[in-house]
Amino acid sequence: MDIQTVGIIGAGTMGNGIAQACAVVGIPVVMVDITEEALQKGLATIAGSLDRLIKKEKLTPAEKDKALALIRTSTRYEDLGVAELVIEAATENLPVKIKILQQADALLPAGTIIASNTSSISITKLAAATGRADRFIGMHFFNPVPMMALVEVISGLQTSAATHDAVKALAQRLGKTPISVKNAPGFVVNRILIPMINEAFFVLAEGTASAEDIDEGMKLGCNQPIGPLALADMVGLDVCLAVMEVYLAEFGDPKYRPCPLLREMVAAGRLGRKTKSGVYSY
Ligand code: NAI
């Protein structure tokens with residue numbers, strides 16, 4: 001299947017990033033959100049991001065105008081009908097996503113592929129909310145979308161090979177590198193990353209090394225651009241804890257038990273950068 005136009009549901013952090021990634025490579029986009037205000041905010045974010053690329057001489061003002069002209073916005077799901085692929089990038093909340101997907105499934109032509117950018121909900125479960133599980137897939141972009149090269153292309157139990165191939169090809173047209181993943185909690189990257197962060201909290205709690213030395217060790221010893229504890233502060237300690245709880249529940253394996261120190265810090269309200277205090281103070 002040839003994807004010529006992309007629909008996006010949700011104009012927030014990820015939705016507007018995906019819209020930008022499509023538009024800069026010449027793919028027309030229809031971006032839908034609940035309010036005109038959310039759409040305007042999304043468009044302003046894209047314009048600001050394109051301006052930064054112009055400053056870095058990675059884009060010309062004419063290319064910016066061309067990209068912006070390819071992005072249509074709407075508060076009506078009906079306007080997504082022109083797209084061969086619709087990517088859901090709305091709020092991470094199961095009932096909200098189920099409602100959106102049922103609505104989109106009822107309105108969109110039978111052949112349209114629907115993808116979700118969810119970071120934690122089962123693709124197989126979301127697919128089951130639609131009548132097109134074979135044409136439903138996970139398309140997990142990373143933040144910030146215009147900068148990050150990876151897309152996890154996640155097949156649910158019933159996703160067809162044709163759907164997988166079409167979405168993988170689109171990710172490549174966006175200049176991204178797709179990896180093929182079978183649906184499982186955390187997919188690939190977060191499944192490995194978050195337990196690594198959790199382990200760093202155990203190492204800290206056991207007094208094996210200071211937070212600074214743990215982060216320095218992982219930066220210089222594993223060539224990571226940022227240490228796991230500093231990264232936890234960026235992701236949010238509450239998010240890290242919630243993800244570990246999901247792995248523990250879904251796999252039923254005690255190796256995913258959250259570190260008690262992580263629990264303590266979340267209980268204390270030390271959630272990381274967003275509360276100006278986590279492992280480090282900001
Ligand atoms: P966000 O909160 O920035 O944006 C969500 C947008 O969805 C908002 O503009 C909201 O108005 C809109 N929305 C809510 N209900 C809607 C509906 N019924 N119809 C249309 N639009 C609706 O959220 P963010 O961070 O962009 O996350 C979106 C998705 O991407 C989530 O599933 C999240 O798990 C996933 N994700 C987020 C990453 C991140 O770093 N922020 C990274 C990778 C995936």
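The values are calculated or read from the model by the stated rules, or taken from the named source; none is laboratory data. Because the structure is predicted, anything quoted here is derived from the model rather than measured. Ideal geometry is used to build each Cβ from the backbone, glycine not excepted, and the neighbour counts take in all protein chains shown. Heavy atoms of the whole protein, side chains included, go into the accessibility calculation; ligands, DNA and RNA do not. Shrake-Rupley method; radii C 1.70, N 1.55, O 1.52, S 1.80 Å.
A single member of 63, 57, 78, 84 is under 22 Å from residue 105 (Cβ atoms) and more than 16 Å from the ligand (Cβ to nearest atom), and it is 84. Scanning region 236-275 for residues being outside any loop (DSSP other than H, G, I, E, B) and touching a strand residue (DSSP E or B) at 6+ places or on another chain (Cβ under 7 Å) gives a total of 1. When every residue of region 156-169 is checked against the conditions, at least one turns out to be touching a helix residue (DSSP H, G or I) at 6+ places or on another chain (Cβ under 6 Å) and open to solvent by 60 Å² or more (accessible area, probe 1.4 Å).
Scanning region 262-282 for residues being touching a helix residue (DSSP H, G or I) at 6+ places or on another chain (Cβ under 7 Å) and either among the aliphatic types (A, V, I, L, M) or open to solvent by 30 Å² or more (accessible area, probe 1.4 Å) (or both) gives a total of 11.
Applying the criterion of being assigned to a helix (DSSP H, G or I) and not small (Gly, Ala, Ser) to the residues of region 110-144, the residue that is nearest to the ligand (Cβ to nearest atom) is 126. For residue 194, the conditions (1) away from the ligand (no atom under 12 Å from the Cβ); (2) open to solvent by 50 Å² or more (accessible area, probe 1.4 Å) all hold with the exception of (2). Has region 27-36 got any residue that is within 18 Å of the chain's Cα centre (by Cα), more than 18 Å from residue 170 (Cβ to Cβ), buried (at least 17 other Cβ atoms within 10 Å of the Cβ) and within 11 Å of the ligand (Cβ to nearest atom)? Yes, because at least one residue in region 27-36 is within 18 Å of the chain's Cα centre (by Cα), more than 18 Å from residue 170 (Cβ to Cβ), buried (at least 17 other Cβ atoms within 10 Å of the Cβ) and within 11 Å of the ligand (Cβ to nearest atom).
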